[in-house]
Amino acid sequence: MEKKSSLLAFVFLAVLATGCGSIRVVSEARSGGTIVLDGAHGASRAKAEKYMRQQCPAGYEVVEEGDTVGDSDDTREWRIAYRCNGSPSVAMIAY
């Protein structure tokens, strides 16, 4: 019984630690893109990093990151603009 309680406690803490977070892709291209983090910053950031690794198998560089005004209204959102390694250095227009 104690093992079962310990396992349940571990699962609960793991879910609590990861939190709820998601990403929204604003723009994407072979050379990189821009992502918005929604929800819990830590969980969203982890999902964004996973997405960027999938999009850029040779690695990536974050070229701009920060709080900005959303596209459709005055709400604030956290955006990450990234460039895939080996891609030409171009400005991320959608940031």
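Every read-out reported here was derived from the displayed coordinates using simple, explicitly stated rules and does not represent laboratory data. Computed from a predicted structure; not experimentally measured. Note: ideal-geometry Cβ built from the backbone for every residue, glycine included; neighbour counts use all protein chains shown.
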Taking 51-64, 29-42, 68-81 and ranking on average Cβ neighbours within 10 Å, highest first, one gets 29-42, 51-64, 68-81
Run the dipole for segment 20-95 about the Cα centre, Lys and Arg Cβ at +1, Asp and Glu Cβ at -1, nothing else charged, and hand back the magnitude in debye, nearest 20.
400 debye
For segment 69-80, in residue order, the Karplus 3J(HN,Hα) values (coefficients 6.51, -1.76, 1.60; θ = phi - 60°; whole Hz; Gly and Pro = x) are 7, x, 5, 9, 8, 8, 6, 8, 8, 9, 10, 10
Suppose we keep just the alpha-carbon trace of segment 20-95; what are its Rg and Dmax in angstrom?
11.9, 36
State, as an integer percentage, the relative contact order of segment 20-95 based on alpha-carbon contacts under 8 Å between residues 6 or more apart.
33 percent
